[in-house]
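Structure first, commentary second.
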Amino acid sequence: MNESDWAVGDRHRLTFDAFCDTHHRTWSGFAGTRLRDSDAREAVETAKGRVWQEWPWILREQFPAFQAWTILKEEVGAALLRRMMDGQPPPSPGFVPLWVHAVRAAAERAHHLPEADGSHERLYAALCGLSERRHDVVVLRYLLGLTDAQIADCLATTEANVRSTAGQALDRLATALGARGERQR
C-alpha cells in the first residue's frame, strides 16, 4: 500500500467512525428493545462490522443511514432467530418496561390511550402488532427521542411521512387497546 492508499483508507475510517458515533445510541437503543444487553451489544458490533465491509458502497448511496439501519435490523433479526433455534424464548413483555412506559407516556400525552393501569402486556402485544415501519417510528421517536429529521434519515423518508406514520401508529395502538377518545391532531 502506498501513501495515497493509506490516506484514502484513513479518510474512510474517519468518516466511518464519525458515522458510527453519530448513530451508536440509536442502534444500541433499538437493539436493546429486542434483545438482552449482551445480545444487543453483539448485534450492534456485528452490524458495525458489516457496515465497515460495505462502507465504500454505503457512502455512494443516497441514504447511508438507511443502509446501515437495514443491516442493523438484519443482525437483530438474526440474533432473535439464533435465540429461538437455541430453544430460548424471545424476550418476554416484562423485559422492556422502560420502552413500554415511554410509549405509553407519549400516547397518554396525546390523549390517545387509556390511562396506564400498571400492566403493559397488552401494550407490548399491540406494539408488536404494528407494521415494521410504524414500529420503527414509535421506537425511534418515543423511546429513543430522535427528531423527525433524524428518523427520516434512518428510514430514508420525509419528515412529513414520519409524522404521518407516528399518527397512524398511535391510531393502531388506540384501536388495539380500546382507547376512550379521539387522538388530538
* Asked: If the Cβ limit is 8 Å and pairs must be 6+ apart or interchain, which residue in region 66-89 that is at pLDDT 90 or above pairs with which residue that is aliphatic (A, V, I, L, M) and not in a helix (DSSP H, G or I)?
  -> F66/A156; V76/L35; A79/L35
* Structure fact -> Residues of region 50-65 being touching a residue at least 60 places away in the same chain (Cβ under 8 Å) and within 26 Å of C128 (Cβ to Cβ), in sequence order, are A65
* Structure fact -> Counting only residues that are among the hydroxyl-bearing types (S, T, Y) and at pLDDT 90 or above, region 16-63 contains a total of 4
* Structure fact -> Quick count over region 130-153, residues being of a type outside the set (F, W, Y), assigned to a helix (DSSP H, G or I) and either under 12 Å from the mean Cα position of the chain (by Cα) or crowded, with 20+ Cβ neighbours inside 10 Å (or both), is 15
* Look through L127, L98 and report the one residue that is surrounded by fewer than 19 Cβ atoms within 10 Å (Cβ to Cβ), farther than 18 Å from H23 by Cα, at pLDDT below 80 and among the hydrophobic types (A, V, I, L, M, F, W, C). => L98
* Structure fact -> Here the residues within region 132-158 that are within 17 Å of E61 (Cα to Cα), of a type in the set (A, V, I, L, M, F, W, C) and out of contact with any Lys or Arg (no Cβ under 9 Å at 6 or more places or on another chain) are A152, C154, A156
* When you go through A156, A169 one by one, which is the residue that is surrounded by fewer than 20 Cβ atoms within 10 Å (Cβ to Cβ), at pLDDT 80 or above and closer than 25 Å to H23 by Cβ? -> A156
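The values are calculated or read from the model by the stated rules, or taken from the named source; none is laboratory data. Since the structure is predicted, the reported quantities are computational estimates derived from the model, not experimental observations. So basically every Cβ, Gly included, is an ideal-geometry build from the backbone, and we count neighbours across all protein chains shown.
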